[in-house]
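Heads up, the thing below is written out as C-alpha cells.
The values are calculated or read from the model by the stated rules, or taken from the named source; none is laboratory data. Model, not experiment: these values are computed from the prediction. We place every Cβ from the backbone using ideal geometry, glycine too, and count neighbours over all the protein chains shown. Side chains included, ligands, DNA and RNA excluded: accessible areas come from the protein's heavy atoms. Shrake-Rupley method; radii C 1.70, N 1.55, O 1.52, S 1.80 Å.
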Amino acid sequence: MSSTGVWSDFDAIRHTVKNNTVDKLKQILGGFNEECFTHLVKTGKKQEVIDRIVSTLDEWRAHNMEDRWLKAKAIITQVRNTGM
C-alpha cells in the first residue's frame, strides 16, 4: 500500500487544480515538463488542460511515484501562491 503521509493531501490538491486560471494551468504544465520530465502540451481549452494535469497526477498516484508527486505538489502550490 502507498505511504499515506506523502499522499495525504492528494485529493485536496487534485480537486483544486480546476480553480486556477488558464495562465496558471499552463504554468503548472510547464513546471511538470521541466521538473517531472513530462512532455505535456500546454495548449487547449481550459477543461482539456485541467484533465491533462489531473490524469497525470492520477497516473503518478497509481504507480506510487512519490518523487514526482512531491515535485508536482510544490509546483502547484508555487503557481497558486506566486506564479512561476
List every residue pair whose Cβ atoms sit under 7 Å apart, with the two residues 6 or more apart in sequence or on different chains, where the first one lies in the stretch 20-35 and is without any contact (Cβ under 8 Å) to a residue 60 or more places away in the chain and of a type in the set (D, E, K, R) and the second, anywhere, is open to solvent by less than 70 Å² (accessible area, probe 1.4 Å) and assigned to a helix (DSSP H, G or I). K24/V79; K26/V49; E35/I75
Which count do you get for residues in the stretch 1-20 that are among the basic types (K, R) and surrounded by 15 or more Cβ atoms within 10 Å (Cβ to Cβ)? 1
Filter the stretch 39-66 down to residues that are open to solvent by 40 Å² or more (accessible area, probe 1.4 Å), farther than 11 Å from L25 by Cα, polar (S, T, N, Q) and not in a loop (DSSP other than H, G, I, E, B), then give me how many there are. 1
Select from the stretch 21-38 the residues that are in contact with a helix residue (DSSP H, G or I) (Cβ under 7 Å, 6 or more places away or on another chain) and open to solvent by 80 Å² or more (accessible area, probe 1.4 Å) and list them in ascending order. E35
